[in-house]
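> Here it is, the structure in full.
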Amino acid sequence: MATIVTPGTVVGSADKNSPGKGTAEENGNLIALLTGVVSEIDGVISVHTHNEMLRVNVGDMVIGEVVKLNEKSGEIRILSVEGKPNRSIMADQEYAQFHVTKITDRFLHNTADGLRRRDIVRAKVIEAGNVIRIDMREDDDCGVLWALCPSCGDTYEAEQNGDWNVVCRTNGERSFRALADDFGGEAGKAALNGAGKRWGGEAEALFSKGSAGRATYIAEDIREDGRERTYFRFEGEGGQGGRGRRQKADPGCRLFVGGLSRDVEENDVRDMFKKHGKVTDFALMRDDEGNLRGFGFITFESKNMADAAIAALDGQKIKGRRIGVRDADAPRDEKPKRSRPEGARLYVGNLPFKATEDDLTALFKEHCDKVHVQWATDKSGRKKAFAFVTIQPESKGEDVVGKLNGTDFMGRNIKVDVSKPQNRDKKGNNSGGKSARELRALAEEEEDAKKKRRRPKKE
């Protein structure tokens with residue numbers, strides 16, 4: 001009875017026998033490299049397996065499962081090679097890689113726009129060295145053979161609907177796949193890929209939102225370092241956020257917060273909103289590099305809590321920037337516009353940077369009853385050299401301008417003028433509601449900034 005040996009087993013002596021197939025010489029011994037049966041023919045010792053390992057070559061058509069998707073590349077696990085015996089693939093050739101440009105003859109923003117994890121694909125081997133590389137775009141027979149709906153797990157069927165070419169009959173969800181010609185066992189499906197065509201408006205609008213906006217059409221994507229991506233759920237588009245699927249909030253409970261500084265601390269924002277009720281969901285949006293995008297969504301347990309947060313926080317400042325807070329789900333025409341305080345609105349320019357809102361308030365309070373200061377800031381939250389001051393009663397506006405314009409304020413002669421209502425110039429350009437003096441100040445500030453950028457650096 002033949003004895004089964006495993007890799008590493010000593011099967012003979014090098015001084016008596018020569019190594020054959022499945023064996024190698026090591027320290028004077030012949031050892032097995034495979035699991036199988038030992039044979040000796042004319043002094044040559046070999047190990048034979050009942051199931052020979054299969055090696056992949058350039059030009060082979062392989063069937064594989066998509067197991068990894070990065071932004072511009074991906075990986076499949078090779079399951080079989082068409083036209084060759086159904087045997088196990090050599091361990092060093094079990095996985096093959098591809099680039100986003102090798103998926104289909106159509107521009108893809110991301111590999112996940114044409115493939116998803118768990119898809120079964122056919123591809124052609126174009127490199128078979130240390131790394132196996134595949135191509136799915138040059139042959140109609142290549143592409144996705146079978147795909148699952150990420151929402152319910154049912155099988156997708158091929159059906160053209162605008163840019164989308166697959167549909168789930170269970171929930172009606174549509175998506176796009178780089179289809180092989182025989183997708184689903186039927187012929188002619190590669191024509192549904194729209195080779196060489198541009199994406200329509202609906203698709204481009206979805207792609208422009210980045211990975212988070214495409215969450216509905218991504219079964220499971222992963223980061224370049226192998227970690228799972230997380231997505232915020234855009235209403236009406238499905239997807240996942242955090243560690244699971246986000247539940248739709250009751251009307252009026254989900255708030256949008258915008259105007260946030262890019263260097264704001266998440267905990268500071270969270271704590272500010274927690275003062276007004278129980279927060280059930282919190283997410284500040286980030287780009288693909290992990291930087292804050294300046295807005296986010298906060299969900300409260302009840303509408304009363306959300307309304308209280310809007311009333312208290314809309315227009316407040318965080319790190320020098322005034323934030324906007326509103327009902328995220330209200331129709332656009334119903335979203336309240338922040339009203340300016342009543343009174344005479346004055347432009348105040350050439351302000352010293354060491355001055356504070358309290359200092360400016362105190363200056364104007366000497367000449368009127370009520371004062372509201374709105375200091376202009378740049379995108380980083382740093383103060384500019386001008387502000388808007390609204391005073392009451394409104395009738396004192398011109399009088400205050402006459403008293404304070406050109407006066408010394410903390411070492412600077414400030415400029416004070418009445419801020420004109422929004423109007424358009426003779427050319428139809430929007431002045432943004434700023435006075436002529438204000439516009440000149442802004443233009444001068446912009447020109448100074450340009451001069452600084454043009455100034456040569458010191459050696």
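> Could you give the length gained by full extension between Asp139 and Glu301, i.e. 0.36 nm per residue of separation minus their alpha carbon distance, to one decimal place?
Working: separation 162, 0.36 × 162 = 58.32 nm, distance 5.40 nm.
Residue separation times 0.36 nm, minus the Cα-Cα distance, leaves 52.9 nm.
> If a/c stays under 1.5 just call it rounded; otherwise compare a/b with b/c (prolate if a/b is bigger, oblate if not). Do that for the stretch 4-48, with a ≥ b ≥ c from the square roots of the Cα gyration tensor eigenvalues.
Values: a/c = 2.06, a/b = 1.20, b/c = 1.72.
It is oblate, given that a/c is not under 1.5 and a/b is not larger than b/c.
> Along the Cα→Cβ direction, 7 angstrom out, place labels at Ala91 and Glu366. What is the inter-label distance in nm?
Output for this residue pair reads 8.6 nm.
> On to the next question. Exposure proxy check: Glu301, Glu202 ranked by fewest other beta carbons within 10 Å? Please report the intermediate quantities before stating the final value.
Working: Glu301 15, Glu202 11.
Least to most surrounded, the residues fall as Glu202, Glu301.
> Less than 9 Å Cβ to Cβ from Thr101, Lys/Arg counted +1 and Asp/Glu -1: what total charge do the surrounding residues give? Let's see the in-between values first.
Working: positive: Lys72, Lys102, Arg137; negative: none.
So the surrounding residues net to +3.
> Can you tell me what share of the DSSP beta bridges in the stretch 4-48 is antiparallel? A percent to the nearest 5 is fine.
Values: 14 of 16 bridges.
The antiparallel proportion sits near 90 percent.
> Using the Cα atoms of the stretch 53-145 to build a convex hull, what is its mean projected area in square nanometres?
Values: hull surface 21.5 nm².
Computing the convex hull of the Cα atoms and averaging its projections yields 5.4 nm².
> What residues have an amide H closer than 5 Å to that of Lys68, excluding those fewer than 5 places away on the same chain, when H is modeled at 1.01 Å from N in the peptide plane?
Glu75
> Output the Kirkwood hydrodynamic radius of the stretch 254-334, Cα pairs only, in Å rounded to one decimal. Each step should come with its number before you reach the end.
Values: mean 1/r = 0.0785 Å⁻¹.
Here the Kirkwood hydrodynamic radius works out to 12.7 Å.
> Pull out the extension gain between Val418 and Glu159, defined as 0.36 nm times the separation in residues minus the alpha carbon to alpha carbon distance; nm, one decimal. Intermediate values should be presented prior to the final figure.
Numbers: separation 259, 0.36 × 259 = 93.24 nm, distance 6.30 nm.
Once the chain is fully extended between Val418 and Glu159, it gains 86.9 nm.
> Which cross-chain or sequence-distant (5 or more) residues have an amide H under 5 Å from the amide H of Ile45, H modelled 1.01 Å from N in plane?
Ser18, Gly20
> So what's the net charge close to His276: Lys and Arg +1, Asp and Glu -1, counting the other residues with Cβ under 13 Å from its Cβ? Don't jump to the answer; show the numbers that get you there.
On the way: positive: Arg270, Lys274, Lys275, Lys278, Lys303; negative: Asp271, Glu301, Asp307, Asp314.
In short, +1.
> Sticking with this structure for a sec: Per-residue HN-Hα couplings for the stretch 170-175, Karplus 6.51 cos²θ - 1.76 cosθ + 1.60 at θ = phi - 60°, whole Hz, x for Gly and Pro?
Running phi through 6.51 cos²θ - 1.76 cosθ + 1.60 with θ = phi - 60° gives 6, 10, x, 5, 10, 7 Hz.
> So what is the relative contact order of the stretch 84-216, in percent, for Cα pairs below 8 Å that sit 6 or more residues apart? Can you show the working numbers first?
Numbers: 220 pairs, mean separation 27.3, N = 133.
Here the relative contact order equals 21 percent.
Throughout, read-outs are computed from the coordinates displayed, never taken from laboratory work. Just so you know, these numbers come straight off a predicted model, no measurement behind them. Please note: Cβ atoms are built from the backbone with ideal geometry, for glycine as well, and neighbour counts cover all protein chains shown.
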